[in-house]
Every structure is written in structure tokens, then in C-alpha cells.
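Before any comments, here is the structure.
Since every read-out is calculated from the coordinates, none of them should be taken as a lab result. Everything quoted here is computed from the prediction, not taken from an experiment. So basically every Cβ, Gly included, is an ideal-geometry build from the backbone, and we count neighbours across all protein chains shown.
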Amino acid sequence: MTGTGIRLSRLSKSFRSPEGPVHAVRAIDVSIERGEAVALLGPNGAGKSTTIDMLLGLQPPDSGDVSLFGHTPREAVHRGLVGAMLQTGSLIQYLSVRELLKMMASVYPSPLGVEAVLSQTGLEAIAARRTQKLSGGETQRVRFALALLSDPDLLVLDEPTVAMDVEARHEFWNSMRAFAARGKTVVFATHYLEEADQNADRVVLMAHGRVVADGPPTEIKARVGSRTIRATLPDADPGELAALAGVARAERRGEAVVLSCADSDQAIRALLERYPAARDIEIAGAGLEDAFLALTADPDTDTDADAPPPALAP
């Protein structure tokens with residue numbers, strides 16, 4: 001095996017705009033080991049796509065370095081070590097799906113078999129269909145198949161399940177996990193936070209061009225520390241519920257109420273004392289969405305593109 005993994009070292013990128021410089025990525029340091037599945041998350045404008053572009057060699061960094069298994073991005077791509085599925089670009093028209101895959105496989109020194117890729121991505125049924133006749137979800141699956149053709153060591157996916165229905169998304173992630181199970185490395189960006197929670201070994205959370213959290217999804221969620229109580233309670237007033245000890249916020253959803261708690265132990269005791277008829281009670285820890293909102297909420301006050309990311313309080 002070549003190199004040790006993926007290294008982004010003090011990576012920065014800025015762009016000019018009519019309003020002034022835009023610091024898209026600010027001196028980030030990220031290391032990814034072989035075999036990891038890493039979700040790159042953040043709100044729009046956080047720097048995810050710019051980071052992916054620099055990772056793939058599509059954008060040169062202003063400063064810092066990218067190393068992919070001991071190679072520059074250009075070298076790694078030339079060797080067929082990297083497969084990518086990006087948001088931009090379109091498929092070559094007037095070819096069948098199988099013809100397109102065969103044509104692209106011919107440029108790689110040791111590609112996977114076209115029929116094997118069709119099977120792995122669930123495209124056998126539409127292999128003879130012309131690319132201009134594909135739905136949005138089918139087009140995404142063909143892009144995934146193209147990314148797999150070189151049998152890459154690193155698979156980079158930018159919003160891979162956009163336009164896919166629920167069943168197609170489920171099949172896609174099954175295919176991705178099968179790929180990762182072979183010891184491959186996967187980096188993906190998504191706005192579907194449940195996908196990151198279910199499929200990532202690790203989450204790198206970005207905001208304002210910086211890394212604000214990096215760790216397993218369970219660790220990221222634990223940093224928020226809040227819990228939610230859900231109960232069936234048809235007649236309770238949300239204002240009275242919000243005033244209970246330990247409750248930070250209350251809202252009604254049909255006959256159910258949802259309490260966001262600063263102290264769930266105190267809140268559940270207060271709830272049952274005040275409303276003994278409460279039933280179907282559930283207590284859950286913070287979800288990845290809660291952590292996402294909490295950890296990316298700070299305003300951007302630093303205009304220095306080379307400033308280090310702020311320390312995250314434990």
C-alpha cells in the first residue's frame with residue numbers, strides 16, 4: 001500500500017467577490033486513515049465543496065498541502081486511486097449506460113468489470129437505456145458507477161443521494177458500505193444528516209471555513225448534552241410545559257408534546273408530578289441535527305483566512 005492516508009495540512013482558500021474577499025476555507029487540518037468512512041458536514045457556505053475541490057486537485061489551495069496516500073491529488077487521480085461523484089457535470093448523451101461505463105473503463109489500467117459495477121450499483125435493469133432518458137435518481141446512480149470503475153482507494157461523494165427516492169437512497173448506502181468493507185476510504189458531504197449518522201465512522205463538521213468538531217457521530221451528539229422528552233398529552237398548554245423545572249423549550253405536535261430539556265431527570269419528575277396522565281413517554285439524547293445546529297450557530301467574526309480554528313469546549 002502507498003502512503004498512510006489523507007492529510008489536509010493548514011489548508012486555506014479565499015475568493016474575491018464584489019463585497020470583498022470570501023474566506024472559504026481557513027487553515028484546516030484533517031487526517032483520514034485508510035478504511036474510514038467520513039462525513040463532511042456543514043451549512044451552505046461552510047467550505048465543504050471547496051475543501052472537496054482542493055482534495056481532488058480541482059482547485060489549488062492558497063496555502064497548505066493535500067496528500068492522498070503519499071501523492072499529490074493530481075498524481076493520485078492519474079494513478080486511478082481516486083473516484084469522485086460530484087454535484088456538477090452531466091453524462092455524455094446518446095450512449096447507453098453500459099456503453100458509457102465501457103468507454104470510461106477503457107481509460108483505467110485495472111478497472112472493475114463493467115457487469116460487476118452494474119450489479120453493485122443496481123443498474124442492470126437500465127443498462128441499455130440512453131443516458132438522456134434517465135431520471136434524476138438514475139443519473140446519480142450512474143455517476144456512482146462511474147466513480148467505482150477504477151476500483152479507487154478513495155471514493156469522494158458530494159451530495160450523492162440528491163434526487164434519489166427513499167428506496168434508491170437505501171440501495172445506494174448498501175452499495176457504499178459494501179465498497180467500504182473492502183478497506184476502502186470514503187469521504188462524503190451530505191445535507192441528509194441521518195445519512196451521516198447511520199453511515200459515517202466519523203463526522204467532520206465545518207462552519208465559516210473552519211473545522212468546529214471532529215469525531216464519531218456519538219461523540220459529536222454528546223457534546224450538545226441536551227435531551228428531548230416526547231409524550232402523549234392532548235390538553236397540556238405548551239407555555240405551562242415550558243415553565244416546568246428542567247425544560248428549556250416546549251412545542252405541540254398533534255396530541256404529542258416535545259420538551260427540549262436542560263436537565264431531563266428534573267424535567268421528567270416535574271412532568272409526571274404536574275401531568276400524571278402523560279403516556280407514551282420517550283426520552284432521547286440529542287440527535288445529529290441538534291448538534292449540527294448548536295455547533296455551527298456561532299457568527300463569523302474572524303476575517304483572517306489563516307487564523308486557526310477555535311478550540312471546541314468539551
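How large is ³J(HN,Hα) for each residue in the range 164-179, as worked out from phi by the Karplus curve 6.51 cos²θ - 1.76 cosθ + 1.60 (θ = phi - 60°), to whole Hz, x for Gly and Pro?
8, 7, 4, 5, 5, 4, 4, 5, 4, 5, 4, 5, 5, 5, 5, 5
Under the classification rounded if a/c is under 1.5, otherwise prolate if a/b is larger than b/c and oblate if not, where does the range 224-293 fall, given a ≥ b ≥ c as square roots of the Cα gyration tensor eigenvalues?
Details: a/c = 1.79, a/b = 1.49, b/c = 1.20.
Cα axes put the range 224-293 in the prolate bin.
Can you sort 167, 219 from fewest to most other Cβ atoms within 10 Å of each residue's own Cβ? Intermediate values should be presented prior to the final figure.
Details: 167 10, 219 13.
Taking fewest neighbouring Cβ atoms as first place, the list is 167, 219.
Which one of 200, 122, 296 has its Cα pushed farthest toward the positive end of the charge dipole of the chain, where Lys and Arg give +1 and Asp and Glu give -1 at the Cβ?
122
Any idea what the dipole of the chain comes to, in debye rounded to 20, about its Cα centre with Lys/Arg Cβ at +1 and Asp/Glu Cβ at -1? Mind dumping the intermediate values first?
Numbers: 32 positive and 42 negative charges, 192 e Å.
I would put it at about 920 debye.
Using the Cα gyration tensor of the range 59-204, with a ≥ b ≥ c the square roots of its eigenvalues, what is the shape: rounded (a/c below 1.5), prolate (a/b larger than b/c) or oblate (neither)? Intermediate results must be reported in sequence, preceding the final value.
Working: a/c = 1.63, a/b = 1.21, b/c = 1.34.
Oblate.
To the nearest 20 Debye, how big is the dipole of the range 206-301 about its Cα centre, given +1 on the beta carbon of each Lys and Arg and -1 on that of each Asp and Glu? Walk me through the numbers before you get to the answer.
Details: 11 positive and 16 negative charges, 18 e Å.
The calculation lands at about 80 debye.
Most fluctuating residue of 170, 191, 71 in a GNM of the chain with Cα springs under 10 Å: which is it?
170
Looking only at 276, 73, 21, which one moves most when the chain is put into a Gaussian network model with springs between Cα atoms under 10 Å?
276
Just going by the charge dipole of the chain, with Lys and Arg at +1 and Asp and Glu at -1 on Cβ, which of 272, 90, 285 is farthest out on the positive end?
So the residue furthest toward the plus end is 90.
Please determine, in degrees from 0 to 90 and to the nearest 10, the orientation of helix 264-274 with respect to the longest principal axis defined by the Cα atoms of the chain, where the helix direction is its Cα long axis.
Approximately 40 degrees, to the nearest 10.
Among the aspartates and glutamates, select those whose C-alpha is under 14 Å from the C-alpha of residue 221, and discard any that sit fewer than 8 residues away in the same chain.
Cα-Cα hits under 14 Å: 194, 197, 201, 289, 290.
If you restrict to DSSP beta bridges whose two residues both lie in the range 5-215, what percentage is antiparallel, to the nearest 5? Provide the component values of the computation, followed by the final result.
Working: 22 of 39 bridges.
Among the beta bridges of the range 5-215, antiparallel pairing accounts for roughly 55 percent.
Below 20 Å, Cα to Cα, which lysines can residue 133 reach? Residues fewer than 8 away in the same chain don't count.
102
Using the Cα gyration tensor of the range 168-307, with a ≥ b ≥ c the square roots of its eigenvalues, what is the shape: rounded (a/c below 1.5), prolate (a/b larger than b/c) or oblate (neither)? Intermediate results must be reported in sequence, preceding the final value.
Values: a/c = 2.93, a/b = 1.65, b/c = 1.78.
Oblate shape, in that a/c is at least 1.5 and b/c is the bigger or equal ratio.
In units of 2.2 N^0.38 Å, what is the alpha-carbon radius of gyration of the range 1-72?
1.16
Which value at 222 nm does the chain reach when only helices count, each DSSP H run of 4 or more adding -39,500 (n - 2.57), with the total divided by all residues and rounded to the nearest 500 deg cm²/dmol?
Values: 11 runs with 97 residues, N = 314.
It comes out at -8500 deg cm²/dmol, rounded to the nearest 500.
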